[in-house]
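In what follows, a structure is listed as C-alpha cells, so that the remarks can point back to it.
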Amino acid sequence: MLGLNKKDALLFMIVALLVGIAPFLLNPFPEGSSLGQMFNAGYPDLMQRFVIFGILVIGFNILFGLTGYLSFGHAAFLGIGSYSAVWMFKLLGYNIVPAILLSVLVSGVFSLLIGFIALRRTGIYFSILTLAMAQMCFNLAYSVLGNPNSNFNLTNGETGLQVYGNDPQYLMSEGSREIPHLFGLAMRDSYQWEISGWLFTFNTGYYLSGIIMLVAFYLSIRIFRSPFGLMLRAIKSNKQRMNYTGLNARPYALAAFVISGMYAGLAGGLLSSMDPLAGAERMHWTASGEIVIMAILGGVGTLVGPILGSGFIEYFKNILSKINDSLLHQWLSWLPDGLEDGIVWVLHFFVGKGWQLTLGVLFMLVVIFLPGGLVEGGQRVGRLFRRKKGGADGASAKQPAE
Amino acid sequence: MAILEVKGVNKRFGGLQALGNVNLSVQENTVHAIIGPNGAGKSTLLNCLVGKLIPDTGSVMFDGQSVLGRQPFEINQMGISRVFQTPEIFADLTVLENVMIPCFAKRDGAFRMHAIEMVASEKGIREQAEQMLEDVNMLSKLNEHAGSLSRGDKRRLEMAMCLVQEPRLLLLDEPTAGMARADTNNTIDLLKEIHDKRNITMAIIEHDMHVVFSLAQRITVLAQGTPLVEDTPENIKGHPKVREAYLGEAN
C-alpha cells in the first residue's frame, strides 16, 4: 500500500489510527475527576505539541538515525521556522499556508549554510560546530537582531516576535479571521463532545498538525527505504569504504542535514501557527538537547522511535510539572507520618519545577538498560510474548531494529 | 598495453623518503605483485594510486588519465577498486545491502538524490548483487549482518563488493594477512577464478610468497622506497639482489 511493504504500511496505519483517536486515548478519565486532572492530556495545546515535536524528531532522526551525525543545534531551525512564520503573519496575514512554506524554505537555506560548514568535520567536532552555530543563531535572535529600538528589528528580542495591530498584513481582507487559520479554519477552533462526564476535544490545529505529521512520517519511511536512505546508513557504517566505493559522502550527508533542517522548520512554522508568537528560547541549546534526548529515548534509527520519544517526554513533562507537595501528601497519606514527610521531601525535588530531574533519571535508565530506546523495550516485550506462545520460534524471530 | 603507469613518483614524510623515484607499469589483464620488506613503501605506493596520498613529484596515469589530485571516490569511478588489509565493509548492513551499494554507485555515479524510489523495487540491482553473491558462494548469507560474518567471509564480501563494480583494476592490500593456510588457499583460488573468468587486472601487495608465486605474472620488488627489480616470478626467485634484500631474510 502507498508503495510501502506490509510491515511499514501496518506501522503507518497504526500511527495514523493513534493520531486520529488521540483525543479519546489521552482523556481516559472523566473531566473534573482527580485522576482526570492529573493524567488527562487531551488538551489542544498539549496534543499539538505531541505531533509537532513528533515532526521535529522524525526529521532529526533522518540525520542522526541514518547518518550518525549528531547535531546539537537543531532547535535553531525550529526557531528560524517559528520566526519566519510569524513574519508571514505580520506581513501577509493570518493564513498559515504562506507562513509554513516560508518557514520550511528559510530553515532549509539556513541548514544548507550551517550544514555546509559543519559537515567538514565528523563526530564530536561536528556536534560542537552545530552547537556553536545554533548558539550564534540564539544570540542573534535574542539580542543582536532583536533590538526593539533599532530600525532592523527582526526578532523583537526578549519579548518575542508577535503580530501587532499596526502590522501591514497586505493580504488581509475585510472579514478574514484575526487568528491563524487555514482558509478560514481557525487553528484554535475546537469541537467539544461531552458524554456522561467525559469531555473530548477535537481541535483543528491538532488535526492539521497530525495530518502533516503523518505526511512527514510517510516521507521519512520512504527515505528510510530508498537507495538514498541506504547511502545514509552506509555513511554511518563505514565512510572509508563508501569513499572507496565511488560514492561522495559529503552531498549525501548535506542532503540529509537539509532535509532534517526543513522538518525542524516545518515544526517551527506549525508551532507559530498554533500560537502566533516566536521567542528566542525555542532556539536555546537546552532545546536542542531535548531533541537529542527525545530521539535517543524513543530509539535512534528506528521509524516510530522519534514519535514515541517526543510523545513520552512531552507527556511526562506535563504530568510531572503538575504534581505538587500537597498532592504527594494526599497520595501517601496511608504511610506513617514521619515516613510520609520524608518521602515527600525527597520526591519534592523530582516533581513540579523539578520535572527535569525525573526525566533525567528516566533517560539514564533507558540509555543503560535499553540502548535501543522505547522501541527496543517494545520489541523485548513482544519477543517475550512470542516466546511464551510459540516456544522455539520466538527465539529465532530475530528482527532488525526497525 | 599498460593500464596503470607510475612514473618518477616521490613521497616524503618529513625526513623519511617513503618513495624514491618509483616507476611501475601494470599491463592489462595481468596479475602484478608488489613485494618488499616492511617499510619498503608498498602501502604508501598503493595510497598514492587511490588518491589517499598525493605524491610530491611524479605522475600516476590510469588508462591514459592522471589520477593525481582526484578524490578516492572519483578514482573509483574511473575503474579502480581497492581491497583493504583488514576488510572494510558496511558492518551494520546486511550482506545483500553491502553488495547493492556498489551497484548503485556504478549505476548512479558518486551522488544521486534517489530518495523517493524504493530499494525493494530496484529489481535489476538486486539481481546483479545476488548473482555476484552466488559467484562468491555467499548467497546463503544474504540477510546476515555483515559485521557478524567470519573474517574469511568478510574478505569474500569485500571482494564481491569490488568485483560487482566490474573494475578495470583491482588493488589488493595483503588480501591474506592474518589468515590460516586453508583460508589463504581459498582466497588464492578465488582470486585465480576472478582473474580467469573476468579478465580483471590486479595489482597485489603481499608478504606471503606462497600467494605471490601462485598468482602473479609480474613481480616488482620494492626496497626502501625504490623498485629493485621487475620481472617474471621465475626470474625473481633466483635473482641475487632480491634474495639479498628480501627473500634471504624470509628463508
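The values are calculated or read from the model by the stated rules, or taken from the named source; none is laboratory data. Quick caveat: nothing in here was measured; it's all calculated off a predicted structure. No Cβ is skipped: glycine too gets one built from the backbone with ideal geometry, and neighbour counts run over all protein chains shown. When the accessible area is computed, the model is the full protein with side chains, heavy atoms only, and any ligands, DNA or RNA have been set aside. Shrake-Rupley method; radii C 1.70, N 1.55, O 1.52, S 1.80 Å.
Annotations
- Between A:TYR252, A:TYR206, A:TYR218, A:TYR244, the distinction of being of a type in the set (Phe, Trp, Tyr) and either touching a His at 6+ places or on another chain (Cβ under 8 Å) or away from chain B (no Cβ under 14 Å) (or both) belongs to A:TYR206 only.
- For segment B:107-116, a residue qualifies if it is more than 7 Å from every other protein chain (Cβ to nearest Cβ) and without any contact (Cβ under 8 Å) to a residue 24 or more places away in the chain, and the qualifying residues are B:ARG107, B:ASP108, B:ARG112.
- Checking B:THR220, B:THR226, B:THR232 one by one, the residue that is surrounded by fewer than 18 Cβ atoms within 10 Å (Cβ to Cβ) and closer than 20 Å to B:GLY39 by Cβ is B:THR226 and no other.
- In the set (1) in contact with a Gly (Cβ under 6 Å, 6 or more places away or on another chain); (2) open to solvent by 20 Å² or more (accessible area, probe 1.4 Å), the condition left unmet by A:GLY299 is number (2).
- Any chance A:LEU214 is touching a residue at least 24 places away in the same chain (Cβ under 8 Å) and touching a strand residue (DSSP E or B) at 6+ places or on another chain (Cβ under 8 Å): no
- Of everything listed in (1) surrounded by fewer than 14 Cβ atoms within 10 Å (Cβ to Cβ); (2) within 19 Å of A:LEU219 (Cβ to Cβ); (3) of a type in the set (Phe, Trp, Tyr), the single unmet condition for A:PHE12 is (1).
- Answer residue from segment A:218-257, given it is buried (at least 23 other Cβ atoms within 10 Å of the Cβ), over 22 Å from B:ARG107 (Cβ atoms) and not hydroxyl-bearing (Ser, Thr, Tyr) and is modelled with the highest pLDDT among those: A:PHE257
- Restricting B:GLY36, B:GLY14 to those that are on the phi > 0 side of the Ramachandran plot, open to solvent by less than 10 Å² (accessible area, probe 1.4 Å), in the same structural domain as B:THR220 (by TED's automatic domain parsing) and not aliphatic (A, V, I, L, M) reduces the list to B:GLY36.
- Test: residue in segment A:367-387 that is over 20 Å from A:PHE60 (Cα atoms), surrounded by fewer than 15 Cβ atoms within 10 Å (Cβ to Cβ) and of a type in the set (Gly, Ala, Ser): yes
- Number of residues in segment A:273-285 that are more than 12 Å from A:GLY73 (Cβ to Cβ), assigned to a helix (DSSP H, G or I) and open to solvent by 70 Å² or more (accessible area, probe 1.4 Å) equals 1.
- Count - residues of segment B:83-92 that are under 15 Å from A:THR245 (Cα atoms) and within 7 Å of another protein chain (Cβ to nearest Cβ): 4
- Selection status of B:ILE80, buried (at least 21 other Cβ atoms within 10 Å of the Cβ), facing another protein chain (nearest Cβ under 8 Å), on the phi < 0 side of the Ramachandran plot and among the β-branched types (Val, Ile, Thr): no
- Where A:GLU314 falls short, out of the listed (1) touching a His at 6+ places or on another chain (Cβ under 9 Å); (2) touching a residue at least 40 places away in the same chain (Cβ under 8 Å): (1)
- Some residue of segment B:172-179 being open to solvent by 30 Å² or more (accessible area, probe 1.4 Å), assigned to a helix (DSSP H, G or I) and out of contact with any strand residue (DSSP E or B) (no Cβ under 9 Å at 6 or more places or on another chain): no
- Residue in segment A:302-337 that is farthest from the chain's Cα centre (by Cα), counting only those that are more than 22 Å from A:LEU359 (Cα to Cα), open to solvent by 60 Å² or more (accessible area, probe 1.4 Å) and not charged (D, E, K, R): A:PRO336
- Selection within segment A:31-63 - open to solvent by less than 10 Å² (accessible area, probe 1.4 Å) and among the aromatic types (Phe, Trp, Tyr): A:PHE60
- Answer residue from segment A:342-358, given it is in contact with a Ser or Thr (Cβ under 8 Å, 6 or more places away or on another chain) and either open to solvent by less than 50 Å² (accessible area, probe 1.4 Å) or outside any helix (DSSP H, G or I) (or both) and is farthest from A:LEU332 (Cα to Cα) among those: A:TRP355
- Some residue of segment A:263-270 being out of contact with any Pro (no Cβ under 9 Å at 6 or more places or on another chain), open to solvent by 10 Å² or more (accessible area, probe 1.4 Å) and either more than 8 Å from chain B (Cβ to nearest Cβ) or over 30 Å from A:MET187 (Cα atoms) (or both): yes
- Residues in segment B:93-106 that are open to solvent by less than 10 Å² (accessible area, probe 1.4 Å) and facing chain A (nearest Cβ under 8 Å) were compared, and the one that is farthest from B:LYS123 (Cα to Cα) is B:LEU93.
- For B:LEU191, the test of being surrounded by 15 or more Cβ atoms within 10 Å (Cβ to Cβ), outside any loop (DSSP other than H, G, I, E, B) and either within 20 Å of the chain's Cα centre (by Cα) or among the β-branched types (Val, Ile, Thr) (or both) is passed.
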